[in-house]
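This report concerns only the one structure given below.
The values are calculated or read from the model by the stated rules, or taken from the named source; none is laboratory data. What you see is a predicted model, and the numbers here were worked out from it, not measured in a lab. Virtual Cβ from ideal backbone geometry, glycine too; neighbours counted across all protein chains shown.
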Amino acid sequence: MTWTKNEIIIMPLALIITIFLAIFICKITKNKDEKIKFIPLQIISITMVVLEIIKQILSFENGKYKTWSTPLHFCSMFMFIFVLASFSKGTLKKFGLALSNAFSAIFFALFYVSPSGIIGNACDNIFANFFTFHTFIYHHLIILFFLIMIISKLYIPQIKDFSYVSIGLTTYIAIALPMAHILNVNFCTILYSNIPIMENIRLSLGQIPYTLILSCLGYFGLNAIVGISLIVKKWAEHKYQLQII
């Protein structure tokens, strides 16, 4: 998949700004306690929720709701798991952080492989309307949250994270799968895929095998991220003689 001319200009620039902002924020909170370090993540989470509320209000046109705006897309999950990671405590916070790490890493990769597959033509005119503005800013807030969480070491991978991400994905599938068919909205490519090889699988094998394969890829991808995170943690402990708890 190729980038458009506008994406070639805007996406790298937006990423540089996001990385700079994340480093700047982390530098300010570097010597602060964990409670202070979570404040930027809480602000990002609240901002995403507020933007989504405005989007939902504007999605009613002439008294009719645009079902595409239903917050069951893959990226819609971030505002829920980010709130969980930022504001909850104990096991719920660990659950939210594990999902934030794995889901964000997958999103990061997909976003820069095919921006238009995630944010459509938002790069063509970010300020054309609220919806293009929302989708551009919302998705870059995901990256900002992820970078701050990682740089500030607010997420420490644990073996339990394998079960956390599997539970998180299962919950999403249990809700989004039936709703995609009921509303006829292609949440997370459940109904069809823009990726030729996946769409060929759906057309040749049928909807059920396609859904099973899509789900398996999701479980594999998320758990692979957890595995990589644990390997990096072990490497850091060995290299710097640290015990990361």
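Kindly provide the set of residues from the stretch 151-184 that are of a type in the set (Val, Ile, Thr), under 30 Å from residue 68 (Cβ atoms) and in contact (Cβ under 8 Å) with a residue 60 or more places away in the chain, ordered by number. Matches in the stretch 151-184: 165, 167, 175. Of everything in the stretch 4-35 that is touching a Ser or Thr at 6+ places or on another chain (Cβ under 9 Å) and either outside any helix (DSSP H, G or I) or over 15 Å from residue 141 (Cβ atoms) (or both), the residue that is modelled with the lowest pLDDT is 4. Of all residues in the stretch 123-150, those satisfying the criterion of being touching a residue at least 60 places away in the same chain (Cβ under 8 Å), over 17 Å from the mean Cα position of the chain (by Cα) and part of a helix (DSSP H, G or I) are 123, 124, 130, 131. Applying the condition of being part of a helix (DSSP H, G or I) and hydroxyl-bearing (Ser, Thr, Tyr) to the stretch 172-197 and asking which residue is modelled with the lowest pLDDT yields 189. No other residue among 106, 148, 143 is touching a Leu at 6+ places or on another chain (Cβ under 9 Å) and surrounded by fewer than 18 Cβ atoms within 10 Å (Cβ to Cβ) apart from 106. Determine whether residue 156 is outside any helix (DSSP H, G or I), touching a Leu at 6+ places or on another chain (Cβ under 9 Å) and among the aliphatic types (A, V, I, L, M). When the stated conditions are applied, residue 156 passes them. Just to verify a result, which residue in the stretch 36-63, among those that are of a type in the set (Ser, Thr, Tyr) and in a helix (DSSP H, G or I), is surrounded by the most Cβ atoms within 10 Å (Cβ to Cβ)? Ranking the candidates gives 45 first. Scanning the stretch 46-70 for residues being in contact (Cβ under 8 Å) with a residue 60 or more places away in the chain and farther than 15 Å from residue 135 by Cα gives a total of 1. Residues in the stretch 64-80 that are in a loop (DSSP other than H, G, I, E, B) and basic (Lys, Arg): 66 alone.
Taking the criterion of being on the phi > 0 side of the Ramachandran plot and either basic (Lys, Arg) or touching a residue at least 12 places away in the same chain (Cβ under 8 Å) (or both), the residues of the stretch 186-245 that qualify are 188, 189. Scanning the stretch 111-122 for residues that are surrounded by 20 or more Cβ atoms within 10 Å (Cβ to Cβ), closer than 15 Å to residue 2 by Cα and without any contact (Cβ under 8 Å) to a residue 60 or more places away in the chain yields a count of 2.
Residues of the stretch 219-231 that are closer than 15 Å to residue 98 by Cβ and of a type outside the set (A, V, I, L, M): 219, 221, 223, 227, 229.
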